[in-house]
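Enquirer: Sending over a structure as structure tokens; questions will come in a sec.
What follows is calculated from the coordinates using simple rules that are stated; it is not laboratory data. Bear in mind that the values here come from a model prediction, so they are computed numbers and not experimental data. Neighbour counts run over all protein chains shown; Cβ positions are idealised from the backbone, glycine included.
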Amino acid sequence: MCISCILLPAEKTITLNMLSTFETLPDEILMIIFQYSGDVNIIFQTFLGLNQRLNNILIDKRLHLLTDFLHINVRDDYYNSKIFQQVSQQLLSLNTAIDEKNLSQILQPLLSFHIQQKYIQLGHELQSSLAKFESIRQQSTNDEILKVDHELQTQFINLKTTPITIEYIQHMKSLVLTKGARLECDDYELCQFNLTKAVNERLLDHINDTETKTSVPINSLIQLFQTLIISNLFLLKNRDYVGNGGCHLQYFVVYTLYRLRCFYYSTYSMPVHMKYYRATVDLCLFVIQAWKQMSENEYYIEQNMFDVLEMVPREINQNVFIQTVQCEIYKIVIDEYIVQANKPWEDYFKYSFRRVFKHLIKNNRLDVIKYICHCFRLQDFFNEPKMIRECVNLMTRNQLERRFLSSIMDDTSLDLVFCKKDLIFILLDKKERKLLEKIFQLSPCLIHQLDEDGNDPLLYICLKVSGCRHRIIEFLIKMGSDLQRRNYQGQSFTDVLQLHRNKKLLRTLFEHEII
């Protein structure tokens, strides 16, 4: 019987006698038992926290549960890393049972570390492979090049209808990596079979098919796609046509990772084939690295960034692996395409970035916005009052959106996004009393901020805002507004209350004993 049937994380049914008998077994036997007790999460939830000896066995590298959690082989560089040491110490220190949510929180940094390391590793492998490929090709004669290129082209076209085998994949990889064959795919014809179509049909189309039985390991298929990209980086521009237009390879890959389905599927609640999902992650990281090698195509590189950021969903996925993947990918593209670029953007890209930023606001993704803000200064993108007003309008549509804006106000690191000095007059126009109360309580000195006509907030709301305003005026007075201040026209608070437009306001202020 499975040992996890004896001891379940939800109900600790093991007795002291059973535990005592269990612990008489040597470590090596216990490790064997653990290996047959379910997946990593079940094993940890079942046995972690029972006692220190079991904790030590569960974290032992020989049992390799932490690397099993990452679906990789045991690696000393991982186990010796700072993050692995920290997570190991957290797990070792447990003295009570742990539930799935808390376990995921502890293990999540391992996933982030793994994705970051994988991305770096793929970059090194790509550069090395490109150098070797070019060297082989330079040493080949024109006739040899024409011959192997033609053979690779034929094999690739057959990929559309031919059952894939390990031998088939190895042959195509050999043509590229040992003979220097280069694949050319013209994708100006809608019916042309190219790399993007191949990835869609052979990989992404199965992302929701949990019953798919593959004749070859998925990782071998990914290696084939990566090898073909090495043969010709311009294959990244291949498009699969949708309607009157087409999307390049990275768009489809990113779409799958964030939308959790193939581009052509419309159902949102389909299960995800996690083996295919993990393979797609590897391909995505490789594609991002490959795009970087095409420095002469800055438009495509930056457009890829916008594609990724516009895919960020409103809901954060509860699967810790999917959640971490989506987070790390947007961090990578922000780091690579915004921070590392370090160059002025054309107006088109500024416009595109503003569009993306508004998408993040609509989806309440404060985490992504904060990361962008921590990476670089945003004044150049939000120095237009129209842009600020558009964003504020998005965040005051309902109570949920207002809470999001309130969260931004609380975070001083986001002051570069919406300067409080700009915000107050927009909020006064919209008569957002609760948000105004919050912003003035956070920054009381703003009560004396002036607009372009020399109006402080109190004069501004009397002169430039209509409708019911007395509660806001009452608050501004209590906050210490200077009732004697005059604007550039020489008008004071008393003066503006005498204006015909404020006749009703003056009566309301008297009725409520505000003045």
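Enquirer: Considering the Cα positions of the chain, please state its Rg to one decimal place and its Dmax as a whole number of Å.
Expert: Final numbers for Rg and Dmax: 30.2, 97 Å.
Enquirer: Same structure, new question: Once both axes come from the Cα atoms, what is the angle between helix 82-92 and the longest principal axis of the chain, in degrees from 0 to 90, rounded to 10?
Expert: With both axes taken from Cα atoms, the answer is about 90 degrees.
Enquirer: Within the set of other residues whose C-beta is less than 13 Å from the C-beta of VAL254, count the net charge using Lys and Arg as +1 and Asp and Glu as -1. Before the final figure, lay out each step's value.
Expert: On the way: positive: ARG259, ARG261; negative: ASP307, GLU310, GLU328.
Residues close to VAL254 contribute a combined charge of -1.
Enquirer: Using the alpha-carbon atoms, what tilt in degrees (0 to 90, nearest 10) does helix 320-334 show relative to the longest principal axis of the chain?
Expert: 70
Enquirer: Based on Cβ point charges of +1 for Lys and Arg and -1 for Asp and Glu, what charge dipole magnitude is obtained for the chain about its Cα centre, in debye rounded to the nearest 20?
Expert: 1700
Enquirer: For the chain, find the longest principal axis of its Cα atoms and tell me its angle to the long axis of helix 399-410, 0 to 90°, nearest 10.
Expert: The angle comes out near 90 degrees.
Enquirer: Under the definition of Cα pairs under 8 Å and six or more residues apart, what whole-number percent is the relative contact order of region 426-515? If you can, show how the numbers build up before the last one.
Expert: Working: 86 pairs, mean separation 22.8, N = 90.
Computed over region 426-515, the figure is 25 percent.
Enquirer: If the reach is capped at under 22 angstrom between alpha carbons, list the lysines near LYS362, excluding any in the same chain fewer than eight residues apart.
Expert: Here the lysines satisfying the reach criterion relative to LYS362 are LYS331, LYS350, LYS370, LYS386, LYS420, LYS430, LYS431, LYS434, LYS438.
Enquirer: Name the residue from MET31, GLN138, LEU177 whose Cα lies farthest towards the positive end of the charge dipole of the chain, charges +1 on Cβ of Lys and Arg and -1 on Cβ of Asp and Glu.
Expert: Sorting the options by dipole projection puts first MET31.
Enquirer: Considering the dipole of the chain built from charges on the beta carbon (Lys and Arg +1, Asp and Glu -1) around the Cα centre, which of LEU91, TYR79, PHE510 is farthest to its positive end?
Expert: PHE510
Enquirer: Could you work out the local net charge near ILE369, counting Lys and Arg as +1, Asp and Glu as -1, over the other residues with Cβ closer than 12 Å to its Cβ?
Expert: Details: positive: LYS358, LYS362, ARG365, LYS370; negative: ASP367, ASP411.
That sum, taken over residues with Cβ under 12 Å, equals +2.
Enquirer: If you put +1 on each Lys and Arg Cβ and -1 on each Asp and Glu Cβ, how big is the dipole of region 426-515 around its Cα centre, in Debye rounded to 20? Walk me through the numbers on the way to the answer.
Expert: Details: 15 positive and 12 negative charges, 73 e Å.
The calculated dipole for region 426-515 is roughly 360 debye.
Enquirer: Can you find, among ASN55, ASN238, PHE475, the residue farthest towards the positive end of the dipole of the chain? Put +1 on the C-beta of Lys and Arg, -1 on that of Asp and Glu.
Expert: It is PHE475, whose Cα lies furthest towards the positive end.
Enquirer: Got a sec to turn the phi values of region 99-107 into Karplus ³J(HN,Hα) couplings, 6.51 cos²θ - 1.76 cosθ + 1.60 with θ = phi - 60°, whole Hz, x for Gly and Pro?
Expert: Per residue, the Karplus-derived 3J(HN,Hα) values read 8, 4, 5, 5, 5, 4, 5, 6, 7 Hz.
Enquirer: Quick check on packing: order 315-324, 74-83 by the mean number of other C-beta atoms within 10 Å, highest mean leading.
Expert: Ranking, from highest mean packing down: 315-324, 74-83.
Enquirer: While we're looking at this one, here's another question. Sorted by mean Cβ packing within 10 Å, highest first, what order do the peptides 472-480, 254-262 take? Could you put the intermediate results ahead of the total?
Expert: Working: 472-480: 17.7, 254-262: 20.6.
Most protected by this proxy first, the peptides run 254-262, 472-480.
Enquirer: Another one. Taking the alpha-carbon distance from LYS132 and a cut-off under 29 Å, which lysines remain once sequence neighbours fewer than 8 residues away in the same chain are dropped?
Expert: Result set, ordered by chain and number: LYS118, LYS147, LYS160, LYS173, LYS179, LYS197, LYS237, LYS292.
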